[in-house]
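Trainee: The following block contains the structure, expressed as structure tokens.
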Amino acid sequence: MNLTIIDDNSTNLALLEEISKIAFPSENIKLFSNPIEALEESLNTLPDLILIDFMMPGLDGIEFVKKFRTKQNTKEIPIIMITASMETDVKQRALGVGVTDFLNKPLDVNELKARLSNLAELRKSHLKLKNLNQWLSDEVLKATETILKREEELIFRLSKAAEYRDPETGGHIQRMAHYSRLIAIKLGLDDLKVESIFKAAPMHDIGKMGIPDSILLKPGVLDEFEFSIMKTHAMIGYNILQGSNSSLLQVGAEIAISHHEKWNGTGYPNHLKQNAIPKTGRIVAVADVFDALTSERPYKKAWDIDRAKNHLIELKGIHFDPDCVDAFLSSWDEVLEIKSKFRDDSQDIYSI
Ligand SMILES: [Fe+2]
Ligand SMILES: [Fe+2]
């Protein structure tokens, strides 16, 4: 505990120091006869208690307290003011600027000792409470981080489980998540939204878990009936993910149900048009289709990258949100980087 004593009279200062040594459990007592110097020092070091005379040349006790209390974290530091004046007016003004307690001159040594030790106790319990609060908020923060990490891990594992049924590769999931993030950044979405799209995009086809193998794994082109079953994966995915309190799962549900909608209203399942399609779904649509085109599948060769690029340009404003296509194409160097970095044998989805 640090005590600061301010009195322009050196005899008083010495006396106050002697008494304080007995009554206040101080490791460090600072004495000032000049209140201006005392103010500067006290604002820098924030003592645990201040004992100050009222009548001083240059800066009286009330002015000192007024200036001291303007700084943050000084409100809880107790200040005892010593005053010769019995005028209630001075005391009222002193209380108004934040003086905690008073002592009258001539000093009553026992009274000074009692007040010093009381305020020392007050200060100690305040510091204890402050530490406890800090400790508690640190713990809450840690617990929240743990929950968020677990949530991400569960989502990652859920997407992994879906991969076992889906002929699309792990590399596809990684690339489309990164492409989606790229588009979201270029569109100027806030960091939180960008990250949630990035983490939720891998779940876009989770509903394929509900599609029979005869359709999901069919090597050839699907007939009309088979395709109508295949299309239900959007709604199945939504049903798996919706209704959660987790904002990540909410974004996942939105992406699952909207990633096959088309800008001109000819998509599925709800035939939504333009801005009625959630932005997350419009972003993922570009990322997902581009990666599907440029990847090899059992039933087709990979398109070369310029052909896929032209395809996006041709379907801009028809299948795709034009802003999402522009955002994607304006990040071409990053697209190429992601494409070469996340090949189909790579594992770590969150590695960039
Ligand atoms: Fe899909
Ligand atoms: Fe996909």
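Laboratory data are not the source of any read-out in this text; all were calculated from the coordinates shown. Since the model is a prediction, treat every value here as computed from it, not as a measurement. Every residue, glycine as well, gets a Cβ built from its backbone with ideal geometry; the counts of neighbours run over all protein chains shown.
Trainee: Within a Cβ distance under 14 Å of Arg69, other residues only, what is the Lys/Arg minus Asp/Glu net charge?
Mentor: The answer is +3.
Trainee: As an exercise, identify the GluC sites (Glu not before Pro) in the range 246-330 lying in DSSP coil whose Cβ has no more than 16 other Cβ atoms within 10 Å. Before the final figure, lay out each step's value.
Mentor: Numbers: sites: Glu254, Glu261, Glu296, Glu314; in loops: Glu261, Glu296.
Counting only loop positions with at most 16 other Cβ atoms within 10 Å, the GluC sites (Glu not before Pro) in the range 246-330 are Glu296.
Trainee: Another question, if that's okay. Tell me the net charge near Leu329. Cut-off is 13 Å between Cβ atoms, Leu329 excluded, with +1 for each Lys or Arg and -1 for each Asp or Glu.
Mentor: That works out to -4.
Trainee: Per DSSP H run of n ≥ 4, the term is -39500 (n - 2.57); total these for the chain, divide by its residue number, and report the mean residue ellipticity at 222 nm rounded to 500 deg cm²/dmol.
Mentor: -18000 deg cm²/dmol
Trainee: Still on this structure: Please identify the trypsin sites (Lys or Arg not before Pro) of the range 245-295 that satisfy two criteria: DSSP loop assignment and at most 16 other Cβ atoms within 10 Å. Which are they?
Mentor: Answer in residue order: Lys273.
Trainee: Using a cut-off of 17 Å between alpha-carbon atoms, which lysines can reach Lys273, once sequence neighbours fewer than 8 places away in the same chain are excluded?
Mentor: Lys262, Lys316
Trainee: I'd like to know which of Met230, Thr144, Ser340 lies farthest towards the positive end of the charge dipole of the chain, counting +1 on Cβ of Lys and Arg and -1 on Cβ of Asp and Glu.
Mentor: With unit charges placed on the Cβ atoms, the residue in question is Met230.
Trainee: Compute the relative contact order of the range 148-224 as a whole-number percentage, counting only Cα pairs closer than 8 Å that sit 6 or more residues apart in sequence.
Mentor: Over the range 148-224, the number comes to 38 percent.
Trainee: A further question follows. So how strong a dipole does the chain carry about its Cα centre when Lys and Arg Cβ are +1 and Asp and Glu Cβ are -1, to the nearest 20 debye?
Mentor: 680
Trainee: Springs between alpha-carbon atoms under 10 Å, Gaussian network over the chain: tell me which of Asn264, Asn44, Asn131 tops the mean-square fluctuations.
Mentor: It is Asn44.
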